[in-house]
Every structure is written in structure tokens, then in C-alpha cells.
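As C-alpha cells, the structure follows; a few thoughts come after it.
The values are calculated or read from the model by the stated rules, or taken from the named source; none is laboratory data. Only a predicted model underlies this, so the values are computations on that prediction, with no experimental measurement involved. Don't worry about glycine lacking a Cβ; one is built from the backbone with ideal geometry, like all the others, and counts go over all protein chains shown. Keep in mind that these areas ignore ligands, DNA and RNA; they rest on the heavy atoms of the full protein, side chains included. Shrake-Rupley method; radii C 1.70, N 1.55, O 1.52, S 1.80 Å.
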Amino acid sequence: MAERIEQRLEDRLPELEQLERVGLFSRGEIRAVLRKASALEYKIQRRALRKEDFINYIQYEINLLELIKKRRARIGYSFKKDEIEHSILHRVHSLFNRATGKWKDDVQLWLSHVAFCKQWNAKHQLSKVFSTMLAIHSNKPALWIMAAKWEMETRLSSESARHLFLRALRFHPECPKLYQEYFRMELMHAEKQRKEKREFEKAKMDLGEFNYSEEILNGEMARIVYRDATQKIKGVEFQLAVLSIAKLFDFTQDLQKEILENLQSNYTEDPLTWDYMARRELELGGALQPPGHSTKQKKVSEMAQREERCCAVFDEAVGAVPTEDMWKCYITFCLERYNRKTNSEELKQKRLERTLSVFNKAHECNLLPEALYKQWLQLLLESSLSEKALEVAEAATRRFSLSVETWQMRLRVLIQLQRGDVTQCFEEAVKHVKSKGTLPLWTLWVEWSEGTKSKEDTEALYQRSLHATTPAESVTMKEMYLDWTYRNGGYKKVKRVFTSLCENRPFSLGFFRKMIQIEKEQESCKMLHLREYYERALREFGSTDTDLWLDYIKEELNHPQGKPENCGSIHWRAMKMLQGDLVQDFISKYTLLQTGHL
């Protein structure tokens, strides 16, 4: 092994000598490079190879290349690149090849090699890397696309890119993304040829020796790809994706027309088709307007007409496809238009009325999705239509009577409008909704009660919530109850409540920490009480929380009434109770505490 490493270091000598001779590196720096290279070589020649060693070696060589590049720029020296950089680049490629040969499944390693080749413009090497990588990772469409794009955009080889896409489609015959990128590539190829032809014609050159096929110039190859794809890939999403690609090219009107016809004939039941056709009216309206000067009023009028045409298509859509998804598309469009900035109050008012009208129609058809009720209510409240908001909120809870979110939404509206029937609505909500998941309702109820009801009513509500919620959810209510009691009843009251709450499990760590914090806030903070709270907390969480033990030890050390001699027994108990890796974590933190670093 030593002989092999010596040989590798000797192979470096010519480039290092050149670096010193031309003044890029000093003799001391050359020695440092040799020492580092020797250490790195020994690591990658061991029997048990580690990926990190190869990565570190590669990174060192890349850093060396970058340093040479900066030194060259500084002194303005640009010769001897073949003798210096070329040999380092060759070594990096060799290291990458060894690493990817050993860890073939590591895609990130392959991609690092690809990125390195691109950075240093190693086109020939990159072709080899792509070829080997795709042979191993043929199951990843993204890698095929990357390779084909590089062939098309960097090497300007449409033929190679096409060949790669065809090979990829043999492995992934139903991959939409592959077909989309192949479709895009063929259109780019056609556009490139069209530009070339225009330039030649402009220069009045003879086109006889160049074979420009009219079919290819008009995107016929892309049409073939599209037709082949539609036989294998179903779904409106794919049709819309290829249509958006085709619209990027100005010579694809016929192709766009074919895709649209296919969309309208085969996917009339899909809401996305109708959504696209409706939104298209906005673009068409803009394209049909003759260029020239127009007043602001005229622009507003034109925009209003275009939006009306969109809504006419949507109205037809909800009649043809009466589903929640279709109404959602319609409402989303209306909300988007309403949220667009405009200086015209008339247009803004028209958009608001249209949006509220569509919400109402969807609601009347019982096809308004639950999530959209919240946006409807928000819009009604912003527009000061409080009575309508109350009516909508009540209707929503009738339709989604088991939904906590819907009841919460209705209650927030009642609270915001300061209505008198809030308590009645809360009672109705907890009656309809099952106990599991009602925590948001109870937290909202007690928060409202704290601000509007008497202390006795609020306390009774807290007591009731502890029994009404599930054990896991009651933990949060206990914390809130403790905090509220301290704020409104003082220290003695909170101690009594704490003691009574400790009779029923489960607890949260925050519950005990809250009581500890309350005790520490008292002028006559007693260590006896703190010990009681820590001991109670450790019975519940002593096996899973290292910080609790450390805080207990700190308290004994720092409190005026603390007993530092107790720290040893607390430490011993912690070592017994903590589980798994927490023991080591505790030892580390305890050591830091002893040395004054925690």
C-alpha cells in the first residue's frame, strides 16, 4: 500500500514543481500540499473504505483548483494549464469514478460528479458520467431528463437528446414528465431550425445544401410525441401541461388547437377543463383588443366584460358538472379577481357582488366545500353584512354538525359580533361533536368566559371541561386552569387547585413547571414546596426528561434553603430512572453544570 501511495505522490511532483516555478505557490505551501495529499491518500487506500474520505479528498482537490484559479487572476498568469490544472482535474475524475463505482446507489455522489464536470466544462467526461449513471439508475426519470437537457442546451445536439428521451420512454412508457420534456425539446428543435433558416434567408444564402423539412419546422415531431403520449397517459393535467408548453412557441397554433379539441371532447366532465376554458376568456379578451390609446374607464369596462365572459363559462360549467370541485374552481376564480388591486370602486364592488352571489349559489346547491365557508364568512364580515354572516355560520353548522372547525368558526362570528346566544351555541356545539377533538371548543369557551363571565362561572366551566374532554386533551385544560386560578385567585387558591388536579392523571410537564414557576415568583419561596413539585414531576417524567433532573439539582445548589448534599442522591436516582441515550445526555450536562458551563 505504501508503495502505491508513494507512486501517487510522485505523480504529483511535476504539477507541484510547475506551481512553484511559475510563482503560484511557495515552497512551504508545496510541502503542506504534499503532507495533506499523503494523509488523504492513506485514508482512501485502506481496506475498509469510507465514503466520507473520498468526499474529503475530492473537496480538497476542488479547493486547490479554486485557489490556483484565484492566484492566476491575481498575478495575471494564464499559461501551463495543461501541466497544472489538467492533472488535478484528471485526479478528481478518477476519485469520483472510484467513489461512484464503490457506492453506486448514492445518486447525490453521481450528481456531484455531474456538477463538477459542468463547472470545469469537461464535456467529454460528462457524457461518460451520464452514460454510466443512466445504466445504473435507469429507474429515475429525472436523471434522463437532466442528461437530455444537457445534450440539447449545452452540446446543441437535438439528435442525442431525442435518442436519450426515446431510451428513457422504453423504461418509463407512462411517465408524464418525460413526455412533457420530450415534447418541449422537439418544439425547441423546431424553433432553432426556424431561426437558422431565417438567418440564412436574410443573408441570401443558398439553402440547397441544408435540409429544412417544413413538417419539422411546423412542429410535426412534437405533434407525433403528443399523440403517442395521449394514447398512454390519461388525465386533464397532462393535456394542460403540454398546452402550456405549446403556448410558449409562436408557431404552434394548429397544435394548440388540436390539444384544445382533445381536451374538450375527452375531458368535459373534469372541472379542470372548464376552469381552463373559462380563464382562457381573460387571455382571449386581451389578445383581441386592438393596440392603441385607451382611457382608464375603457380599460375597466373591457376587464369587466372579460370577467363576465369567464363567469358565463363557469355558469355553464356548474350546470354541466355540478360537483364540489367545480364550484371550488369557480369560487377560487372569483376570489382571485376580487383580491386583485384596482382603482375602480365600481369594478371592485362588481367583483364583490359576483363573489358573494357565487358563494350563495354553491351553498344553495349544498355543494360548497367546508373549507370555503370560512372565506365566505370573512368576506361577509369585511363587507359589514353581519346578519348574513350569522345566517351562513348557522347553516354551515347544520350541514357539517360533526365538524369542530365549523362550530369554532360560527362561535368566533358570534363572539366578534358580541351576540347574547354564545353560551347556547357552545352548549349546542359540545352536544353535537364527540368528546374526542373538542379541545379547541373548550379553550375558546373558557377564553371567552374569562373576559365576559364571572369568576365563579369561569371556574365551573374549567371544572366541567376537565370531565368533558378526553384524558389526553384535559392536560391542556389543567395548564390553563392553573394559570387562570393564579391570575384571579392568588397563590393560596392555586395551591389548592394544584393539589386537587394532581389526583387525576394524565399530566403534562408544563403543568408542573407552571406550578414551580408560580412558587419561585413568591417573596417567601419555600424549598420544601419546590421539592414537592419536583418530586411529583419526576414521578411522571423522570424517565424521559434530563432537564428536569438538572433543574432540581440547580435548585438545591442555588436556593437559600437548598441542601447541596442532596445532589448526590438526586444524581444517583436520575442514573437509575433515565432510559437509553438519555443517561449519556444527562452525564454530559451534569459535567457541564459541575464545571460552571451550564
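Evaluate E = 1/(1 + (r/R0)^6) for Q297 and K192, where r is the Cβ-Cβ distance and R0 equals 41 Å; express this FRET efficiency to the nearest 0.05.
Result of the calculation: an efficiency of 0.35.
Using only the heavy atoms of the protein chains and a 1.4 Å probe, how would M575, M277, M326 rank by accessible area, largest first?
Per-residue accessible area, sorted high to low, gives M575, M277, M326.
Taking Cα centroids, how far is region 439-505 from region 519-565 in Å?
First find each Cα centre; the distance between them is then 24 Å.
Between region 377-428 and region 89-117, what's the alpha-carbon centroid distance in Å?
If we compute the Cα centre of each part, the gap is 61 Å.
Kirkwood hydrodynamic radius, computed over distinct alpha-carbon pairs, for region 1-103: how many Å, to one decimal? Please report the intermediate quantities before stating the final value.
Values: mean 1/r = 0.0697 Å⁻¹.
One over the average 1/r among Cα pairs gives 14.3 Å for region 1-103.
For W407, what charge total do you get from the other residues with a beta carbon under 13 Å from its beta carbon, if Lys and Arg give +1 and Asp and Glu give -1?
Cβ neighbours under 13 Å give a net charge of +2.
What percent does the relative contact order of region 299-392 come to when contacts are Cα pairs within less than 8 Å and at least six residues apart?
Once divided by the residue count of region 299-392, the mean separation gives 25 percent.
So, with a 1.4 angstrom probe, what is the percent of accessible area on the chain that is carbon and sulfur?
C and S atoms contribute 50 percent here.
Could you tell me the number of lysine pairs in region 1-103 with C-alpha atoms less than 14 Å from each other, where the two lysines are 8 or more residues apart or belong to different chains? Present the calculation step by step, with values, prior to reporting the outcome.
Working: K43/K51; K51/K102; K69/K80; K69/K81; K70/K81.
Pairs that pass both the separation and distance tests number 5.
For region 1-103, with the dipole built from +1 on Lys and Arg beta-carbon atoms and -1 on Asp and Glu ones, taken about the Cα centre, which of L13, F54, H90 lies farthest toward the positive end?
F54
If packing is taken as the average number of other Cβ atoms within 10 Å across a peptide's residues, how do 100-112, 369-381 rank, most packed first?
369-381, 100-112
Check each of the GluC sites (Glu not before Pro) in region 74-151 and keep only those in coil by DSSP with at most 16 other C-beta atoms within 10 angstrom; list them in order.
Within region 74-151, the qualifying GluC sites (Glu not before Pro) (loop, at most 16 other Cβ atoms within 10 Å) are E83.
Around E6, under 15 Å between beta carbons, what's the net of Lys plus Arg minus Asp minus Glu among the other residues?
Every neighbour counted, the sum reads 0.
Of the GluC sites (Glu not before Pro) in region 516-580, which ones lie in a loop per DSSP and count no more than 14 other C-beta atoms within 10 Å?
Of the GluC sites (Glu not before Pro), the ones in loops of region 516-580 whose Cβ has at most 14 other Cβ atoms within 10 Å are E521, E523.
Return a single number: how many Lys pairs in region 525-597, at a sequence separation of 8 or more or on separate chains, have alpha-carbon atoms below 15 angstrom apart.
Lysine pair count for region 525-597: 4.
Of all chymotrypsin sites (Phe, Trp or Tyr not before Pro) in region 129-226, which ones are in loop regions per DSSP and have a Cβ with at most 16 other Cβ atoms within 10 Å?
Qualifying residues, ordered by number: F210, Y212.
Pull out a ≥ b ≥ c, the square roots of the eigenvalues of the alpha-carbon gyration tensor of the chain, then state rounded if a/c is under 1.5, prolate if not and a/b is larger than b/c, and oblate in the remaining case.
Verdict is oblate for the chain.
Determine the distance separating the Cα centre of region 301-354 from the Cα centre of region 235-265; give it in Å without decimals.
Computed from Cα coordinates, the inter-centre distance equals 24 Å.
Taking every eigenvalue of the Cα gyration tensor of region 494-598, multiplying by 5 and rooting it, what semi-axes result, largest first, whole Å? Walk me through the numbers before you get to the answer.
Working: eigenvalues 108, 64, 22 Å².
Ellipsoid semi-axes (Å, largest first): 23, 18, 10.
If I take R0 = 60 Å and measure r between the Cβ atoms of R309 and E565 in this structure, what FRET efficiency does the formula 1/(1 + (r/R0)^6) give, to the nearest 0.05?
Given R0 = 60 Å and the Cβ-Cβ separation, E is 0.10.
How large is ³J(HN,Hα), in whole Hz, for each residue of region 349-363 in order, when computed from phi with the Karplus curve 6.51 cos²θ - 1.76 cosθ + 1.60 and θ = phi - 60°, using x for Gly and Pro?
In residue order, the calculated couplings are 5, 4, 5, 5, 4, 5, 4, 5, 5, 5, 4, 5, 5, 4, 5 Hz.
Suppose all protein chains stay in the model; what accessible area per residue would a 1.4 Å probe give for the chain, in Å²?
Per-residue accessible area for the chain comes out at 55 Å².
So what's the back-of-envelope 222 nm ellipticity for the chain, counting only DSSP H runs of four-plus at -39500 (n - 2.57) apiece and dividing by all residues, rounded to 500?
Helix contribution divided over all residues of the chain: -25500 deg cm²/dmol.
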